[in-house]
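Participant: Mind looking over this structure? Questions follow.
The values are calculated or read from the model by the stated rules, or taken from the named source; none is laboratory data. As the structure is a prediction and not an experimental result, all values here were calculated from the model. FYI the Cβ positions are ideal-geometry reconstructions off the backbone, even for glycines, and counts take in every protein chain you see. Surface accessibility is based on the protein's heavy atoms, side chains included, excluding ligands, DNA and RNA. Shrake-Rupley method; radii C 1.70, N 1.55, O 1.52, S 1.80 Å.
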Amino acid sequence: MRVLAPLSLALVLALSPAAPARADGDPVRGAEVFRKCVACHTVESGGRNRVGPRLHGLFGRRAGAVEGFRYSDALKASGLVWDETTLDAYLKDSEGFVPGTRMYGGLTLDQDRADVIAYLRQATR
């Protein structure tokens with residue numbers, strides 16, 4: 001039995017979904033990566049909408065809820081609430097995650113997304 005316990009644990013770990021990279025995101029590096037996003041988004045309190053909505057107060061907010069921004073019908077109807085998991089999926093492939101969204105592009109590298117999410121967690125409070 002002693003041999004089976006470590007083997008069972010190894011099997012469980014191998015079959016479990018990997019933890020999202022966001023757990024170890026670096027907010028300082030995230031600020032650098034976020035420079036790609038500033039043409040469309042702002043994080044400041046009271047910031048204005050740009051091509052994309054302002055992100056202040058992002059976490060816990062329902063997708064498509066920033067007043068004064070014209071969202072796609074797809075994002076408004078998505079029922080998403082922004083948290084680390086939904087942001088990770090959206091930033092990885094916005095058009096695949098919410099077909100019909102207007103946001104294009106994304107961050108294909110897991111660590112880039114983890115870092116941006118860590119930055120946004122601090123910058124959008």
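Participant: By accessible area of protein heavy atoms, probe 1.4 Å, what ranking do 90, 119, 104 get, highest first? Before the final figure, lay out each step's value.
Facilitator: Values: 90 15, 119 45, 104 165 Å².
Putting 90, 119, 104 in descending order of accessible area: 104, 119, 90.
Participant: Tell me which residues come under 5 Å, amide H to amide H, from residue 26 once H is placed; ignore anything under 5 positions away on its chain.
Facilitator: 115
Participant: Note down the relative contact order for region 68-107 as a percent, whole number, built from C-alpha pairs under 8 angstrom at least six residues apart. List each step's numbers first, then the result.
Facilitator: Numbers: 36 pairs, mean separation 17.3, N = 40.
The normalised contact order for region 68-107 reaches 43 percent.
Participant: Now a separate question. Just to be sure I understand the model, the point goes 7 Å from the Cα along the line to the Cβ. What's the resulting residue 93 to residue 77 distance in nm?
Facilitator: 2.1
Participant: Right, next: What do you get for GluC sites (Glu not before Pro) in region 62-110 restricted to DSSP loop and a cutoff of at most 12 other Cβ within 10 Å of the site's Cβ? Intermediate results must be reported in sequence, preceding the final value.
Facilitator: Working: sites: 67, 84, 95; in loops: 67.
When the GluC sites (Glu not before Pro) of region 62-110 are filtered for loop state and at most 12 Cβ neighbours within 10 Å, 67 remain.
Participant: Classify region 26-125: rounded, prolate or oblate, from the alpha-carbon gyration tensor (a ≥ b ≥ c, eigenvalue square roots; a/c under 1.5 rounded; otherwise prolate if a/b is larger than b/c)? Display every interim value, and only then the final one.
Facilitator: Working: a/c = 1.56, a/b = 1.18, b/c = 1.32.
Oblate is the answer for region 26-125, as a/c is 1.5 or above yet b/c matches or exceeds a/b.
Participant: List the residues whose amide H sits under 5 Å from the amide H of residue 81, counting only those 5 or more places along or on another chain, with H placed 1.01 Å from N in the peptide plane.
Facilitator: 63
Participant: Hey, another quick one. Across region 114-125, in residue order, what do the Karplus-derived ³J(HN,Hα) couplings come to in whole Hz, using 6.51 cos²θ - 1.76 cosθ + 1.60 with θ = phi - 60° and x for Gly and Pro?
Facilitator: Here the 3J(HN,Hα) series is 4, 5, 5, 5, 4, 5, 4, 4, 7, 7, 10, 5 Hz.
Participant: With the Cα gyration tensor of region 39-82 in hand, convert its eigenvalues to equivalent ellipsoid semi-axes via √(5λ) and list them largest first in whole Å.
Facilitator: On the way: eigenvalues 58, 30, 11 Å².
That gives 17, 12, 7 Å for the three semi-axes.
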